[in-house]
1. In region A:235-282, what residues are on the phi > 0 side of the Ramachandran plot and without any contact (Cβ under 8 Å) to a residue 24 or more places away in the chain?
2. Would you call A:ARG256 closer than 27 Å to A:VAL378 by Cβ and either within 20 Å of the chain's Cα centre (by Cα) or not in a strand (DSSP E or B) (or both)?
3. Which members of region A:99-112 meet the condition of being more than 20 Å from the chain's Cα centre (by Cα) and within 14 Å of chain B (Cβ to nearest Cβ)?
4. Quick check on region A:47-68: of everything there that is more than 7 Å from every other protein chain (Cβ to nearest Cβ) and part of a helix (DSSP H, G or I), which residue is nearest to the chain's Cα centre (by Cα)?
5. I need the full set of residues from region A:88-98 which are more than 8 Å from chain B (Cβ to nearest Cβ) and either at positive phi or surrounded by fewer than 22 Cβ atoms within 10 Å (Cβ to Cβ) (or both), in order please.
6. Is it the case, given these coordinates, that A:VAL298 is touching a helix residue (DSSP H, G or I) at 6+ places or on another chain (Cβ under 9 Å), assigned to a loop (DSSP other than H, G, I, E, B) and open to solvent by less than 50 Å² (accessible area, probe 1.4 Å)?
7. Which one of the conditions (1) within 28 Å of B:ALA117 (Cα to Cα); (2) part of a strand (DSSP E or B); (3) facing chain A (nearest Cβ under 7 Å) does B:SER28 fail to meet, given that it meets all the rest?
There are 2 protein chains.
Amino acid sequence: MDRADLLERLADIAVVFGANVQPGQTVSVGADHGQFEMARAVAASAYRHGAGFVDVYYFDPYVKRARIAFAAEDSLSFVPSWYVHRTLCLGKERVARISLSGPTAIGLLDDLDPDRAGRDQLPFVKEILDVIADRTTNWTVIPSPTEPWARLVYPKLSPEEALDRLWEEVAHVCRLDTPDPIAAWGERAQALGAAAGRLNDRHFDALHFEGPGTDLTIGLFPSSTFHAARDETVDGIVHFANLPTEEVYATPDPARADGHVDSTKPLVLADGTIIRGLRVRFEGGRAVEVDADQGAGVMRGRVAMGEGAARLGEVALVDREGRIGRLGTVFYDTLLDENAASHIALGDGSDQGLTDDDAKRRNRSHIHIDFMIGSDDVGVTGITRDGDRVPVLRDGSWQI
Amino acid sequence: MDRADLLERLADIAVVFGANVQPGQTVSVGADHGQFEMARAVAASAYRHGAGFVDVYYFDPYVKRARIAFAAEDSLSFVPSWYVHRTLCLGKERVARISLSGPTAIGLLDDLDPDRAGRDQLPFVKEILDVIADRTTNWTVIPSPTEPWARLVYPKLSPEEALDRLWEEVAHVCRLDTPDPIAAWGERAQALGAAAGRLNDRHFDALHFEGPGTDLTIGLFPSSTFHAARDETVDGIVHFANLPTEEVYATPDPARADGHVDSTKPLVLADGTIIRGLRVRFEGGRAVEVDADQGAGVMRGRVAMGEGAARLGEVALVDREGRIGRLGTVFYDTLLDENAASHIALGDGSDQGLTDDDAKRRNRSHIHIDFMIGSDDVGVTGITRDGDRVPVLRDGSWQI
């Protein structure tokens with residue numbers, strides 16, 4: 001398949017399967033500068049499949065850079081009222097949302113003050129977390145290969161070879177190279193859903209991660225529920241929030257995380273900052289020590305953004321059957337890398353499946369930063385309410 | 001001056017003089033795909049000069065193309081509620097606005113149905129006309145040279161030479177090549193204001209345009225008032241709505257325009273459509289015949305958008321002292337070309353200076369399309385309420 005075919009296939013699967021755009025529905029597309037081709041392919045696919053309107057919003061990281069470099073200190077967390085209004089409208093007006101993923105402006109903020117950079121969270125608008133929690137939008141996130149991203153992932157290849165290789169791998173992990181990608185995703189979603197069901201049957205009290213540099217126990221609520229792949233809006237529209245998706249995830253108890261963890265993959269923040277070798281120690285659910293080989297200051301800035309930013313909002317398990325982990329590629333992009341390995345997230349937690357009591361106690365934050373803690377060397381053990389230890393993942397394979 | 005210097009000088013003059021951005025003020029920047037460099041230079045300049053926040057909105061004509069090609073017929077004039085809300089917020093929240101001008105996606109819609117194309121007016125949102133009429137935003141429009149624009153203007157030059165040439169001419173007409181561009185604009189604004197004052201002293205009942213292919217009389221209201229260059233918001237912020245600006249303009253009586261007119265320059269619509277050789281015949285204020293050598297269908301579609309779209313909202317006089325007319329270049333961009341020649345506009349008229357009675361009778365429309373009708377060969381004569389004829393412009397020189 002040539003580039004144009006791949007663009008169209010990926011756009012089509014995002015529209016038809018991922019977001020599951022309904023006839024006449026408005027579609028919001030969130031893209032970064034540089035992701036024009038994919039944004040346009042998605043827009044064209046959405047219109048061909050009956051969308052009523054497609055609103056492509058391009059975020060420009062170079063304008064963000066100018067802000068962080070020059071704007072007054074006390075203005076850096078300002079968000080225009082119409083950004084908030086637009087975000088809330090997406091829910092109220094039952095809009096479909098398609099976001100493009102992949103780093104675009106790599107290292108663009110590296111020479112700026114990380115404290116100032118951390119204060120400007122755009123293009124993230126915190127009200128989107130409420131819209132997601134309300135399940136009023138059918139949405140998906142897909143990767144959007146670009147030249148800067150390809151150079152980051154394959155620094156030894158020529159720019160053109162790197163982009164070809166990135167497209168090849170993205171097509172593979174998005175199952176575009178199967179005869180019927182939508183059917184392939186249907187099967188995988190069913191398998192992940194079954195694993196989530198088996199985890200839920202055990203009603204674990206905690207999960208224990210153990211491996212090189214990692215010994216971390218994460219408490220679960222009595223009503224913590226594992227989910228996978230398939231989402232459904234309040235109006236009954238089925239959608240797949242991530243493409244690709246290989247994870248089985250739940251909301252943990254933010255008051256119970258103890259031990260230390262070594263991130264197993266680099267983490268690229270939304271603003272392009274790369275955090276390498278992240279190490280976090282938790283006490284009573286709180287990240288009390290944050291260190292890293294690169295980007296430690298930026299990461300500490302995020303964790304310091306509030307009590308919720310230092311606690312966990314998600315724990316997710318990824319098996320070896322997914323297509324991403326098998327490639328061995330570090331994509332420097334959470335959408336892909338989080339689906340290669342088990343991970344946890346600092347910040348906001350979903351109330352999906354929680355009782356009202358547990359939902360009130362779940363972690364709340366303006367941030368949600370996933371970072372990878374799993375590998376074949378990291379075993380996951382479930383701890384029952386009676387204190388029994390049940391192997392869950394060994395060498396990346398389900399034990400339950 | 002190299003390209004980076006020119007970008008910065010033009011951005012600075014837009015921020016400091018054109019929009020006159022106030023300390024802490026939010027700035028909305030409207031840019032097309034391809035105008036990234038200028039948008040970023042404006043954003044950086046605004047932040048350096050104390051802006052509180054800069055919101056750059058990029059419009060993508062390729063997404064518009066997909067809409068016109070594929071969307072359902074009855075959806076083409078839909079505008080999302082949050083576009084309207086954002087537009088009204090710009091006024092309510094006293095935002096500064098800087099728009100970038102210049103064609104970017106030339107001919108992109110040429111193979112599509114002009115009726116369908118005409119129904120989608122975006123990025124134009126009609127509520128902006130109310131915001132402008134309310135004078136709640138300090139704003140300016142500046143040219144933004146790009147490669148596609150340069151190729152259109154100088155088709156015989158190499159792309160690089162064309163862009164250099166366009167920058168050179170834009171720098172000249174924006175007076176960036178003077179020792180103190182802001183002082184130079186101050187002088188020119190004063191001269192234009194004086195010409196407007198002399199026109200207002202005569203209280204003409206009508207203006208008569210006469211030249212090759214043109215014999216058109218345009219009626220004025222008793223309170224029609226000529227303005228030039230300098231604008232002021234309700235809060236007293238002085239700004240210059242167009243840079244460059246060379247025109248002296250007024251709102252005519254939409255019930256009185258009779259005769260025929262040949263456009264003296266090509267017209268590029270906001271969507272990139274080029275109208276060449278436009279010929280319009282007016283009867284009782286109404287455009288009853290619209291023809292053109294190219295783009296006649298699109299133009300008729302615009303004129304058919306409502307009663308106000310077929311009547312005049314502006315008449316403007318341009319003398320030979322401006323820098324644009326002397327170049328002899330056709331820029332295919334209204335901001336520059338309208339300032340090279342006297343012109344009229346179909347569609348919405350300003351209420352600036354009108355009595356309440358006349359303001360009620362002024363033309364209202366969702367469109368405002370300027371087209372050039374002046375040249376050194378077109379004489380302009382003022383007709384007094386007593387029927388006397390007073391020469392106003394001959395060979396491009398003021399006679400009053």
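The values are calculated or read from the model by the stated rules, or taken from the named source; none is laboratory data. Everything quoted here is computed from the prediction, not taken from an experiment. Quick reminder, even Gly has a Cβ in these numbers, built from the backbone with ideal geometry, and neighbours come from all protein chains shown. Heavy atoms of the whole protein, side chains included, go into the accessibility calculation; ligands, DNA and RNA do not. Shrake-Rupley method; radii C 1.70, N 1.55, O 1.52, S 1.80 Å.
1. Our first condition is that a residue be on the phi > 0 side of the Ramachandran plot; within region A:235-282, this holds for A:236, A:259, A:272, A:277.
Result: A:GLY236, A:GLY277.
2. On the way: closer than 27 Å to A:VAL378 by Cβ: yes; either within 20 Å of the chain's Cα centre (by Cα) or not in a strand (DSSP E or B) (or both): no.
Against the criterion (closer than 27 Å to A:VAL378 by Cβ and either within 20 Å of the chain's Cα centre (by Cα) or not in a strand (DSSP E or B) (or both)), A:ARG256 does not qualify.
3. Result: A:LEU108, A:LEU112.
4. Residues of region A:47-68 that are more than 7 Å from every other protein chain (Cβ to nearest Cβ), as a first pass: A:49-51, A:57, A:59, A:61, A:64-65, A:68.
From what is left, the residues that are part of a helix (DSSP H, G or I) are A:61, A:64-65, A:68.
On the way: A:PRO61: 19, A:LYS64: 22, A:ARG65: 23, A:ILE68: 25 Å.
The residue in question is A:PRO61.
5. Going residue by residue through region A:88-98, those that are more than 8 Å from chain B (Cβ to nearest Cβ) are A:88, A:90-92, A:94-98.
If the condition is that a residue be more than 8 Å from chain B (Cβ to nearest Cβ) and either at positive phi or surrounded by fewer than 22 Cβ atoms within 10 Å (Cβ to Cβ) (or both), then A:LEU88, A:GLY91, A:LYS92, A:ARG94 are the ones that fit.
6. On the way: touching a helix residue (DSSP H, G or I) at 6+ places or on another chain (Cβ under 9 Å): yes; assigned to a loop (DSSP other than H, G, I, E, B): no; open to solvent by less than 50 Å² (accessible area, probe 1.4 Å): yes.
Against the criterion (touching a helix residue (DSSP H, G or I) at 6+ places or on another chain (Cβ under 9 Å), assigned to a loop (DSSP other than H, G, I, E, B) and open to solvent by less than 50 Å² (accessible area, probe 1.4 Å)), A:VAL298 does not qualify.
7. Of (1) within 28 Å of B:ALA117 (Cα to Cα); (2) part of a strand (DSSP E or B); (3) facing chain A (nearest Cβ under 7 Å), only one is false for B:SER28: (3).
A quick yes/no check of all residues on (1) modelled with pLDDT under 95; (2) touching a Gly at 6+ places or on another chain (Cβ under 8 Å); (3) farther than 27 Å from B:GLY52 by Cβ:
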site: A:ALA31; (1), (2), (3): no, no, no
site: A:ALA41; (1), (2), (3): no, no, yes
site: A:ALA51; (1), (2), (3): no, yes, yes
site: A:ARG67; (1), (2), (3): no, no, no
site: A:ALA71; (1), (2), (3): no, yes, no
site: A:PRO80; (1), (2), (3): no, no, no
site: A:THR87; (1), (2), (3): no, no, no
site: A:VAL95; (1), (2), (3): no, no, yes
